[in-house]
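Only one structure is covered here, and it is reproduced in the block below.
The values are calculated or read from the model by the stated rules, or taken from the named source; none is laboratory data. It should be emphasised that the depicted structure is a prediction, and the values quoted were computed from it without experimental measurement. Positions of Cβ are backbone-derived with ideal geometry, glycine not excepted, and every protein chain shown enters the neighbour counts. Side chains are part of the model used for accessible areas, which takes the heavy atoms of the whole protein and leaves out ligands, DNA and RNA. Shrake-Rupley method; radii C 1.70, N 1.55, O 1.52, S 1.80 Å.
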Amino acid sequence: MRSFTYERATDARAAVAAVSRPGAKFISGGTNLLDLMKLEVERPSHLVDISRLPLRGIEELPDGGVRIGAQAANSDTAADVLVRSRYPVLSQALVAGASGQLRNKASIGGNLLQRTRCPYFYDTAADCNKREPSSGCSAIGGFNRIHAILGASGACIATHPSDMAVAMAVLGAHVELLGADGSARRVAVTDFHRLPGDTPHVETVLEPREMITGVVLPPPPPGRQLYRKVRDRASYEFALVSVAVIVATERGVISGARVAFGGVAHKPWRSVEAEAALIGRPAAMATYRVAAEAAMRGAVGQGQNDFKIELAVRTLCRTLADAIQGR
Amino acid sequence: MVIGQALNRVDGPLKVAGRATYAYEHWDDGPPLYGFIVGATIGIGRITRIDTSRAERSPGVQLVMTHHDAPAQGSPDLSIPFEYWRAYPVLSSPDVHHYGEPVALVVATTFEQARAAAALVDLEYAGGSGSYDFAACVDQAYAPDNLIFGILPTDTAVGDLDAGFDSAPVRIDERYTTPYELSQPMEPHACLVVPDGEDLIVYVSTQIVDAARASIASTLRIDPERIHIITPYVGGGFGSKLRIHSETILAVFAARALRRPVKLALTRQQIFHLTGVRPTSSQRVRLGAQRDGRLVAIAHEVTMHTNRHSEYIEPTATTTRGLYAAPHRLTRTWLTPLDLPRGEDVRAPGEAPGLLAVESAMDELAHAVGMDPVELRIRNEPTVDPERGVPFSDRHLVDCLREGARRFDWERRPATPASVREGQWLVGYGMAAAIRGHFQAPTTGRVRLAADGTAAVQSDMTDIGTGTYTILTQVAADGLGLPPGRVRVELGRSEYPVSMGSGGSWGAANSSTAVHRACEALREKLVTTARNDARSALHGLDPAGAEFSGGRVSIGGVSEALSEIVARNHPEGVEAEGETLAMTDDPNYRDYALHTYGAHFAEVGVDADTAEIRLRRMLGVFSVGRVLNAKTARSQLIGGMIWGLGAALEEEAVVDPRSGAFVNRDLAQYMVPVHADAVEVDAVVLDGFDDKANVLGAKGLGELGICGAGAAVANAVFNATGVRVRDFPITLEKVLPGLPPMED
Ligand SMILES: Cc1cc2nc3c(=O)[nH]c(=O)nc-3n(C[C@H](O)[C@H](O)[C@H](O)COP(=O)(O)OP(=O)(O)OC[C@H]3O[C@@H](n4cnc5c(N)ncnc54)[C@H](O)[C@@H]3O)c2cc1C
Ligand code: SF4
């Protein structure tokens, strides 16, 4: 039997100290980690429970931004008045994810660090470079309908499944980290996750013993925010493609645009190409299409997921149109 | 009359309070050991080496069993028509026939220890090259020699199909494909086996007690009387528990070897490889019609997969046999042998995939001749069974169609596909007919009246969540004139009278009829006793006019409590048995065609940009003879309709053609509808009584809800978008290329 020890951290410093034990891992809501442990995909020998640390607060910052504690529940964050009024795209993305029960347990930090939903990653009998470096990638040439179209590598074509992180990408959020030596640092959420390259098992820039303590949202940029998730059923399902936009217009011309995709890459995919193609152009379908195609310029399908390229284009076009028309 | 009422489930309070004990939860016999199955990680080949030493040394491990030390076993007797009664050998050779097949069993003190040790069994294989890709292997299909379930022909023909079809002015000739699907009951396949001297007590989640007992006995080659099955509650089966599988056989081996109680449950992932799968199919449907829609030719030819070593034929091609009139007809079945898990019955075997194809084709015909799809079906309504020429027992398909169209406001259907848009949504209506054979099988039930005036019904029949406890309470309450609160139903034990269990939608009618007959016999006994008893108020009265109600028998104006008759004459209680005949012994099955019927109506919205398909509302109207309980009937039908919705849009077990494994083997990836997918679904049952079916006039309905439901959804997608998808499930990428250009 694979036994593990467990401790409940009393404060953040103690938590990072405790996780420096070999084989140790943080556990927050456990909604991802425990599933993976049951399948022996994750095999920690020690769990440091950080779910009760006083990191649940959602507070306004002097510059008009908001700081969300790493332990804030996904559901509490989605329902928070500040979040709903200033960052509706984040609230929409959160409620589009998982189910009510899961959102009650799931933390902000855990959501950022949830692992891919590639089925071969879950199957310890299958080759998977992410789970077992250098074993191969079963998804390439296998079942890859849900896999990445952007930024993938010959080693891994998995996607990052978070909805929340996509909204944070357009909001320009930063992730707050606490290091083992007590030092704090901040990383832009768009730099937090890595592309797979040759090391798909290294998914973020998080150092082995670092803990996420919170996420800082700068004051919202002007414009309307909208999150749109496309999925195989009405609820309780990950995105095939999702889009977060913040878009502003002046007299029919786009004056500000931020665009990010989910379900298309190993990380939430902010598209500066699409943004550049939107700003200064008329707010019309032709513009959106050009921007969406710019976003998908380097996109490559794996066969079963080829449709995602056109789906991403169409979803972005629709989301921009809806945001601009206030739908 | 208690029969027909929407009586709440009598077992409901136990279930919601967690006091209904399921197979894996029994604990009466002391702490059990826990088994865990090690599955093959190749699709075909041979085990060349097994090293169990690390697993054996692992903490808590009591036993590691492989093909080297598994006991000798009987092999399946193919002359037994229903395979659920046949032996089910496990670990019987080093050969691997499909991915996930058991290659070792680990038994330990705790579940976690067993599971961890299972990962330490070291195996080497010589892999062969298997056939896993159905589409690539269809040319290897063969025509099976066997009858389906030992009773139904695989192929039939009337008239001259080719000539009829070729001469028809309107022709539809299309191929439809359906995927692998699995029953995924909430309660996994599980058992606890307790050795008791030479006997075995087997708590097992199963649909047919007698089949479980027979299959274990013939696998072990022991006397069935030594095996005692207990299965009072079953958390769903949907066909996958018609027979027991490796979990039960392996637990039996371990319990016998260790002389200790052993529990074993499949994990959700294991269920995908270790139970049965609905075969994938490729179905060619040909419809030849006059310009007025009248069919002259109908052909349904089905190719499906079967496991190479264990033939299973889904009765898919039988779907059209009783459905529509046409002088030239053909049904045919081929099997493509693959090295995949074995095919087995999955809820509504045959009609579920068959009607997806046929009722889609009928929609295509309606479109081709420019006719309302409801009218097209009415126009092709047969007067007698179109293949056999015998009359129908009680056919109300047209009533279902008309009533459904009326209730659904079918006349609001957009006549032109892709013509209605509401905001983001392309809106469409679809409909389909439903038909399912009504079957019957020998069943015995016992009713016992105690001296306190309460009745006990006993049968080895199961309640798999359908409501058997409740309907049998109602039948016995009416049969003896007792309030339902004074009837207790006891099910799921092999020492009770033998039934054919739950399956094929026959359980309710089989068991109700047997219990009704038992009540008749018991009434007879009671009245005779009273008449002959000088102490009875009914002494010497003519029993012909006896009436049973409120716990009393009355003749003329005189009455006596049942409890008094029993207490005086049978202080130990009195009982009687009743029987239902086999179909083959019932002349009505020779002289009539017995089916249940329905009509499904669906309205869908298809996102004009992303092709996401969402059901807006769905209605089914059904004819099932007499309904035994309005509430349990509706639940079954609605559940079936939602299953059909899933089959149309979501469900598919994906095979990795390199390994032969099902890839998406959990319920996060193998998709079925969630509540948000099925917000407005309703089922209506027409009043009825099929006097050819049985004395109660009741027919089965556990599977009817699925039949045709998916086709109604698929047809609605066509009506919404003008895109016809013939490859199920209809996921959005199949519709996306046909969507209109985007608008601002
Ligand atoms: C059935 C199902 C459906 C789902 N559907 C969706 C969906 O549609 N969209 C979506 O976005 N998500 C979905 N999810 C995923 C869900 O959002 C995540 O499981 C959840 O957000 C993880 O949070 P948690 O607190 O439970 O993390 P945990 O499971 O506790 O941890 C996850 C990982 O993060 C690490 N970790 C946790 N907190 C910290 C921290 N503060 N610092 C450093 N490391 C940390 C843990 O060590 C672990 O490796 C679904 C999950 C399930 C089970
Ligand atoms: S895509 Fe990535 S996660 Fe999936 S099998 Fe390949 S390496 Fe593993």
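Please go through the stretch A:179-227 and give me each residue that is assigned to a strand (DSSP E or B), closer than 30 Å to B:Leu667 by Cα and touching a Lys or Arg at 6+ places or on another chain (Cβ under 7 Å), ordered by number.
Looking only at the stretch A:179-227, we keep the residues that are assigned to a strand (DSSP E or B), and these are A:184-188, A:193, A:204, A:211-217, A:224-227.
Those left that are additionally closer than 30 Å to B:Leu667 by Cα: A:193, A:204, A:226-227.
A:His193, A:Thr204, listed by residue number.
If you go through the stretch A:73-91 one residue at a time, how many are in contact with a helix residue (DSSP H, G or I) (Cβ under 7 Å, 6 or more places away or on another chain) and surrounded by 18 or more Cβ atoms within 10 Å (Cβ to Cβ)?
To start, the set of residues in the stretch A:73-91 that are in contact with a helix residue (DSSP H, G or I) (Cβ under 7 Å, 6 or more places away or on another chain) comprises A:73-75, A:77-78, A:83-84, A:87, A:89-91.
Keeping just the survivors that are surrounded by 18 or more Cβ atoms within 10 Å (Cβ to Cβ) gives A:73-75, A:77-78, A:83, A:87, A:89-91.
Count: 10.
Would you confirm, using the coordinates I've provided, whether B:Arg332 is more than 19 Å from B:Ile148 (Cα to Cα) and surrounded by fewer than 24 Cβ atoms within 10 Å (Cβ to Cβ)? I'd like the intermediate steps shown before the answer.
On the way: more than 19 Å from B:Ile148 (Cα to Cα): no; surrounded by fewer than 24 Cβ atoms within 10 Å (Cβ to Cβ): yes.
For B:Arg332, the condition - more than 19 Å from B:Ile148 (Cα to Cα) and surrounded by fewer than 24 Cβ atoms within 10 Å (Cβ to Cβ) - is not met.
Would you point out which residue out of B:Val621, B:Val606 is open to solvent by less than 40 Å² (accessible area, probe 1.4 Å), within 14 Å of chain A (Cβ to nearest Cβ) and in a strand (DSSP E or B)?
Only one candidate passes the filter, namely B:Val606.
When the residues of the stretch A:143-166 are filtered to those that are of a type in the set (Gly, Ala, Ser), open to solvent by 10 Å² or more (accessible area, probe 1.4 Å) and within 18 Å of A:Asp306 (Cα to Cα), which remaining residue is farthest from the chain's Cα centre (by Cα)?
Among those that are of a type in the set (Gly, Ala, Ser), open to solvent by 10 Å² or more (accessible area, probe 1.4 Å) and within 18 Å of A:Asp306 (Cα to Cα), it is A:Gly154.
Which of the residues belonging to the stretch A:129-155 are within 14 Å of chain B (Cβ to nearest Cβ), on the phi < 0 side of the Ramachandran plot and more than 9 Å from ligand 2 (Cβ to nearest atom)?
Listed by number, the residues that qualify are A:Phe143, A:Arg145, A:Ile146, A:Ile149.
Table: residues versus (1) among the charged types (D, E, K, R); (2) over 26 Å from A:Ala24 (Cβ atoms); (3) within 14 Å of chain B (Cβ to nearest Cβ).
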residue	(1), (2), (3)
A:Met164	no, no, no
A:Leu177	no, no, no
A:Pro220	no, yes, no
A:Ser242	no, yes, yes
A:Ile246	no, yes, no
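To keep it simple, each residue is scored yes or no on (1) modelled with pLDDT of 95 or more; (2) of a type in the set (S, T, N, Q); (3) not in a strand (DSSP E or B).
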position	(1), (2), (3)
B:His305	yes, no, no
B:Thr333	yes, yes, no
B:Ser360	yes, yes, yes
B:Glu387	yes, no, yes
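For the stretch A:250-262, state whether one or more residues are hydroxyl-bearing (Ser, Thr, Tyr) and over 30 Å from B:Val672 (Cβ atoms).
The answer is yes; a qualifying residue exists.
Here are A:Phe192, A:Phe261: which of them is away from chain B (no Cβ under 14 Å) and surrounded by 22 or more Cβ atoms within 10 Å (Cβ to Cβ)?
Only one candidate qualifies: A:Phe192.
Taking into account only those residues within the stretch A:102-128 that are without any contact (Cβ under 8 Å) to a residue 60 or more places away in the chain and more than 14 Å from chain B (Cβ to nearest Cβ), which is least open to solvent (accessible area, probe 1.4 Å)?
A:Asn111
Restricting the first residue to the stretch A:26-42 and requiring it to be within 14 Å of another protein chain (Cβ to nearest Cβ), which pairs with a second residue that is open to solvent by 40 Å² or more (accessible area, probe 1.4 Å) and away from ligand 2 (no atom under 16 Å from the Cβ) meet a Cβ separation below 6 Å and a spacing of at least six or different chains?
Correct list of pairs: A:Thr31/A:Leu102; A:Thr31/A:Lys105.
If you go through the stretch B:716-732 one residue at a time, do you hit one that is surrounded by fewer than 19 Cβ atoms within 10 Å (Cβ to Cβ), more than 22 Å from B:Arg413 (Cα to Cα), within 14 Å of chain A (Cβ to nearest Cβ) and touching a helix residue (DSSP H, G or I) at 6+ places or on another chain (Cβ under 9 Å)?
Checking the stretch B:716-732: at least one residue is surrounded by fewer than 19 Cβ atoms within 10 Å (Cβ to Cβ), more than 22 Å from B:Arg413 (Cα to Cα), within 14 Å of chain A (Cβ to nearest Cβ) and touching a helix residue (DSSP H, G or I) at 6+ places or on another chain (Cβ under 9 Å).
Among (1) surrounded by fewer than 24 Cβ atoms within 10 Å (Cβ to Cβ); (2) within 12 Å of chain A (Cβ to nearest Cβ), there is one condition B:Ile638 misses while meeting the rest; what is its number?
Among (1) surrounded by fewer than 24 Cβ atoms within 10 Å (Cβ to Cβ); (2) within 12 Å of chain A (Cβ to nearest Cβ), the lone unmet condition for B:Ile638 is (2).
Of all residues in the stretch B:653-669 being part of a loop (DSSP other than H, G, I, E, B) and more than 9 Å from every other protein chain (Cβ to nearest Cβ), which is nearest to B:Ser131 (Cα to Cα)?
Here the residue is B:Gly660.
Among the residues of the stretch A:304-323, are any within 10 Å of chain B (Cβ to nearest Cβ), part of a loop (DSSP other than H, G, I, E, B) and open to solvent by less than 40 Å² (accessible area, probe 1.4 Å)?
yes
In the stretch A:153-182, how many residues are modelled with pLDDT of 95 or more and away from ligand 1 (no atom under 14 Å from the Cβ)?
Final tally of qualifying residues: 11.
Taking the condition of being small (Gly, Ala, Ser), under 13 Å from the mean Cα position of the chain (by Cα) and assigned to a helix (DSSP H, G or I), how many residues in the stretch A:91-122 meet it?
Of the residues in the stretch A:91-122, 3 are small (Gly, Ala, Ser), under 13 Å from the mean Cα position of the chain (by Cα) and assigned to a helix (DSSP H, G or I).
Evaluate the following for A:Ile140: is it touching a residue at least 12 places away in the same chain (Cβ under 8 Å), within 16 Å of ligand 1 (Cβ to nearest atom), in a loop (DSSP other than H, G, I, E, B) and open to solvent by 30 Å² or more (accessible area, probe 1.4 Å)?
Taking the combined requirement at face value, the residue does not satisfy it.
Might you let me know whether the stretch B:681-703 holds any residue that is within 14 Å of another protein chain (Cβ to nearest Cβ) and under 23 Å from the mean Cα position of the chain (by Cα)?
Yes, the stretch B:681-703 contains a residue that is within 14 Å of another protein chain (Cβ to nearest Cβ) and under 23 Å from the mean Cα position of the chain (by Cα).
Which of the helices (runs of 4 or more DSSP H) found entirely inside the stretch B:41-159 contain at least 2 residues meeting this: open to solvent by less than 70 Å² (accessible area, probe 1.4 Å) and under 29 Å from B:Leu264 (Cα atoms)? Walk me through how you get there before you give the answer.
Numbers: elements: B:53-57, B:111-118, B:134-137.
Because the criterion is at least 2 residues that are open to solvent by less than 70 Å² (accessible area, probe 1.4 Å) and under 29 Å from B:Leu264 (Cα atoms), the helices (runs of 4 or more DSSP H) in the stretch B:41-159 that meet it are B:53-57, B:111-118.
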